[in-house]
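Undergrad: A single structure is presented below for examination.
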Amino acid sequence: MGYVNDTKFSQFITPNQIVKSAGTWTPTLAANTMGDVRTAADAAFNIFVPILIPSNDDAYKGAKLLSVDLHYKVATAAMDSVTTVELEKMSISAAGVVSGAAVTGTVDAANDTDAERLAVGDHFLTFTITTPAWVDKDEVYWLYVTFDAAAGSVFTLWGAKANFQLRA
């Protein structure tokens, strides 16, 4: 096998792989699309997207995480708020100590304000890492987003996508 250095890799993360903190969620196939639909309720909930890409212990090998896309839809009524969009990095030391830190990045222009993220419609939110990093074998990344739904907000989670460079 030859050398690989591809800067346009992506990995889709299905709705059932994404952790949801609260609410009643139903896997739904409608109009040939698959998503997790949250029953309308006036309540807050969180989305935790595991970034499922290859890691490597060697420097400059494996996957260099570039950005994460979140695909969702708000229907019937706008959300009350969508305030936090953050990429979390968990590190596990050789002694088994787990620590975490937020990763610096930006949200795309169509979703960079609370007002844009909570609106009724389809959303393609992209979190781009300011300084992309190679994922070490002892690191795990999660996209964390907080939502506060209005009584009539119907939320559909289509999934997410990790965008990365692969080098092997």
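The values are calculated or read from the model by the stated rules, or taken from the named source; none is laboratory data. Being a predicted model, the structure only gives us computed values, none of them experimental. All Cβ positions, even for glycine, are placed from backbone atoms using ideal geometry, and neighbour counts span all protein chains on display.
Undergrad: For residues in the stretch 47-65 being surrounded by fewer than 18 Cβ atoms within 10 Å (Cβ to Cβ) and over 15 Å from residue 138 (Cβ atoms), which is modelled with the lowest pLDDT?
TA: Among them, the one singled out is 60.
Undergrad: Inspect all residues belonging to the stretch 133-146 and state whether any of them is under 24 Å from residue 17 (Cβ atoms), at pLDDT 95 or above and in contact with a helix residue (DSSP H, G or I) (Cβ under 8 Å, 6 or more places away or on another chain).
TA: no
Undergrad: Quick one: in the stretch 85-113, which of the residues that are at pLDDT 95 or above and of a type in the set (S, T, N, Q) is surrounded by the most Cβ atoms within 10 Å (Cβ to Cβ)?
TA: Checked the stretch 85-113; the qualifying residue surrounded by the most Cβ atoms within 10 Å (Cβ to Cβ) is 111.
Undergrad: Continuing with the same structure: Let me spell it out: the conditions are (1) closer than 30 Å to residue 167 by Cβ; (2) among the small types (Gly, Ala, Ser); (3) surrounded by 16 or more Cβ atoms within 10 Å (Cβ to Cβ), and residue 23 meets all of them except one. Which number is the exception?
TA: Answer for residue 23: the failing condition is (1).
Undergrad: Can you tell me which residue within the stretch 71-82, out of those that are surrounded by 15 or more Cβ atoms within 10 Å (Cβ to Cβ) and of a type in the set (Ser, Thr, Tyr), is farthest from residue 14 (Cα to Cα)?
TA: This residue is 81.
Undergrad: So in the stretch 2-15, with the set limited to residues that are of a type outside the set (A, V, I, L, M, F, W, C) and more than 14 Å from residue 71 (Cβ to Cβ), which one is modelled with the lowest pLDDT?
TA: 2
Undergrad: Right, here's the next one. Does at least one position in the stretch 31-41 carry a residue that is assigned to a helix (DSSP H, G or I) and either among the β-branched types (Val, Ile, Thr) or on the phi < 0 side of the Ramachandran plot (or both)?
TA: no
Undergrad: Only one of these conditions is not met by residue 45: (1) within 18 Å of the chain's Cα centre (by Cα); (2) assigned to a loop (DSSP other than H, G, I, E, B). Which number is it?
TA: Only one criterion is unmet by residue 45, namely (2).
Conditions (1) without any contact (Cβ under 8 Å) to a residue 40 or more places away in the chain; (2) more than 16 Å from the chain's Cα centre (by Cα), marked per residue:
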| residue | (1), (2) |
| --- | --- |
| 82 | no, no |
| 107 | yes, no |
| 123 | no, no |
| 150 | no, yes |
